[in-house]
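Down below is the structure, laid out as C-alpha cells.
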Amino acid sequence: MSDMGEQTAAEPVQGLTQWQRVANTFTAPSKTFDDIRQGNKSWWLPFLISIAFVYVFFAAVTVRVGWDQVAQNAIHLNPKAEAKLDQAPPEQRAMSLKFTQYAMEGGLAASPIIAIAGTAIAAVVLLGTINFVFGGRAKFGSVFTVWMFAGLPGIIKFLLGTVVIFAGLAPESFNMENFAPTNAGAFLSAQDVGPALYRLATAVDVITIWTMILAGMGLAAVAGVKRSSGYLAVFGWWAILTLVGVGFAALRG
C-alpha cells in the first residue's frame with residue numbers, strides 16, 4: 001500500500017488542455033499562468049484564435065469600407081500630410097494614396113508574421129526586465145507563451161470593430177488606428193482635441209489595460225516573483241511607449 005501511495009504521489013500532475021487554458025484566461029487566469037509555469041508552453045491555439053478574429057475583421061474592412069477609403073481616411077486624420085498631399089501633382093498624389101493603401105492592407109494581411117515577431121520582441125524585453133531588474137527566473141519560452149495568452153482579450157476588440165462596421169458605420173468615418181469603442185479616443189476627434197491628447201486618450205484602452213494586467217500576472221508567475229513586480233515591468237514599458245507616442249504626436253501636430 002505504501003509503495004502504491006508513493007508511486008501515485010510521484011506521478012506528475014496532468015496539465016490543462018489548450019482549450020482549458022484559453023477559457024481560464026478569461027475566467028481564472030492564474031490557473032492558465034500556473035500551468036505555463038509548470039512547463040506547458042504550447043501557444044498555437046491562442047495564436048490561431050486571435051488570427052481568425054483578425055481575418056474576420058480584415059474581410060469586414062475589405063467588403064464594407066474598402067482599402068482605398070481606409071487610406072484616404074488615414075491621410076485625412078493627419079492635417080499636415082493631407083495638406084502636403086493636396087499640393088502634390090496628381091500622379092504623385094495617386095502614388096502616395098496607393099502606397100498608404102497597400103501598406104495598411106498588407107500590414108493587416110501579414111498579421112501572423114507580425115504577431116509572432118511582436119510577441120518575440122515583447123518576450124525578450126520583458127524577460128530582461130523581470131530577470132535583471134526584479135530578480136526573476138523566467139525563461140524565454142514561458143514569457144512568449146504568457147504574452148500569447150495575455151493577448152486573447154484583443155479578439156474582443158476585433159469583434160467589436162467588425163460589429164461596428166456591419167452596424168452601418170459610414171466608410172468615411174472609419175479609423176483604422178482606432179476602430180473599436182474601447183477607449184475615450186474613439187469618441188473624440190484629433191482635429192478638435194489635438195494629436196497629443198488624442199493619442200493619450202487612445203492609449204488608455206480597456207482592452208489594452210486588460211491585456212497588460214494579464215501579462216503582468218503571467219510574467220510574475222513564470223518568473224517566480226511578486227505579482228506587483230510583474231505589473232511594474234509590464235505597465236512600466238507601456239507607460240514609456242505611451243509617452244513616446246504622445247511626444248511624437250505632439251511634434252507631428
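Quick notes on this one:
- Cβ-Cβ under 9 Å pairs, at least 6 apart or on other chains, the stretch 105-122 side free of Cβ contacts under 8 Å to residues at least 24 places away in the same chain, far side among the β-branched types (Val, Ile, Thr): Gly107/Ile114
- When the stretch 69-84 is filtered for residues that are touching a residue at least 12 places away in the same chain (Cβ under 8 Å) and either hydrophobic (A, V, I, L, M, F, W, C) or surrounded by 14 or more Cβ atoms within 10 Å (Cβ to Cβ) (or both), the ones remaining, listed by number, are Gln69, Val70, Ala71, Gln72, Asn73, Ala74, Ile75, Leu77, Asn78, Pro79.
- Just one residue in the set Thr162, Thr119 is among the polar types (S, T, N, Q), assigned to a helix (DSSP H, G or I), farther than 20 Å from Pro29 by Cβ and under 18 Å from the mean Cα position of the chain (by Cα); that residue is Thr162.
- Residue within the stretch 203-217 that is closer than 27 Å to Thr32 by Cα, surrounded by 19 or more Cβ atoms within 10 Å (Cβ to Cβ) and more than 20 Å from the chain's Cα centre (by Cα) present: no
- Filter pass, Glu82 being farther than 30 Å from Gly194 by Cα, part of a helix (DSSP H, G or I), out of contact with any strand residue (DSSP E or B) (no Cβ under 9 Å at 6 or more places or on another chain) and modelled with pLDDT under 95: no
- Selection over the stretch 20-66 of residues that are modelled with pLDDT under 95 and under 30 Å from Ala103 (Cα atoms) gives a count of 0.
The values are calculated or read from the model by the stated rules, or taken from the named source; none is laboratory data. None of these values were measured; they are calculated from a predicted model. A quick note on method: Cβ atoms are made from the backbone with ideal geometry, for glycine too, and the neighbour counts reach across all protein chains shown.
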